[in-house]
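S.K.: Quick one: the structure is below, questions incoming.
What follows is calculated from the coordinates using simple rules that are stated; it is not laboratory data. Keep in mind that what you see is a predicted model, and the values were worked out from it rather than measured. All Cβ positions, glycine included, derive from the backbone under ideal geometry; neighbour counts span all protein chains shown.
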Amino acid sequence: MDTPIIHTCQRCGACCRWEGDVCVTNEDITAIAAYLEMTEEDFIEQYCRLQRNRKGLSIIDAEDGACIMLTENGCRIQAVKPQQCRDFPYKWNFPGWENRCPGAGKTSYTPGE
Ligand code: SF4
Ligand code: SF4
């Protein structure tokens, strides 16, 4: 059996600075474009690029390499963020994520409370 993932998000944004793809599904594109009050075509043109494996679309990076949706107040599209982001780290993660995520191995459960 796989070791269960223990994690409590510290809201640091480090996972949004990972250099891999921020994949968006068709459903993500529909939801994010509506949230940003853009057409899907404009959202794709302005904020998406091909995934590195060319099998779908990814949100583009800002100049500093972070996801372009990352702001100093967190994710600009938090309410409708891509499924991949919602799944992190339990249902989707990347090799070595535990070394980048300060929430890895942390639990909000305190024995005795
Ligand atoms: S790197 Fe981990 S702790 Fe930081 S925002 Fe992402 S999930 Fe949360
Ligand atoms: S869409 Fe939001 S949660 Fe996902 S990587 Fe970009 S900033 Fe982070």
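S.K.: Counting Lys +1, Arg +1, Asp -1, Glu -1, what net charge surrounds PRO102 among other residues with beta carbon under 15 Å of its beta carbon?
M.R.: On the way: positive: ARG11, ARG17, ARG100, LYS106; negative: GLU98.
Local net charge: +3.
S.K.: Ranked highest first by average number of other Cβ atoms within 10 Å, how do 37-45, 81-89 line up?
M.R.: Descending mean neighbour count gives 81-89, 37-45.
S.K.: At q = 0.14, 0.17, 0.20 Å⁻¹, what log₁₀ I(q)/I(0) does region 17-64 have when each alpha carbon counts as one equal point scatterer in the Debye sum?
M.R.: For the requested q values the scattering log ratios are -0.32, -0.47, -0.64.
S.K.: Same structure, new question: Give the calculated FRET efficiency between GLN78 and ARG49 to the nearest 0.05, with a Förster radius of 30 Å applied to their Cβ-Cβ distance.
M.R.: Between GLN78 and ARG49 the formula returns 0.90.
S.K.: Taking Cα atoms, how many degrees apart are the long axis of helix 26-35 and the longest axis of the chain, rounded to 10 and kept between 0 and 90?
M.R.: 80
S.K.: Continuing with the same structure: Rounded to whole Å, give me the distance from the Cα center of region 49-74 to that of region 1-25.
M.R.: Going from one Cα centre to the other spans 14 Å.
S.K.: The chain: D in µm²/s via Stokes-Einstein (Kirkwood Rh, Cα pairs, 25 °C, 0.890 mPa s)?
M.R.: So the translational diffusion coefficient is about 161 µm²/s.
S.K.: Would you kindly state how much longer the chain becomes between CYS9 and ALA34 on full extension, computed as 0.36 nm times their sequence separation minus their alpha carbon distance, in nm to one decimal?
M.R.: Separation in residues times 0.36 nm, less the Cα-Cα distance, equals 6.3 nm.
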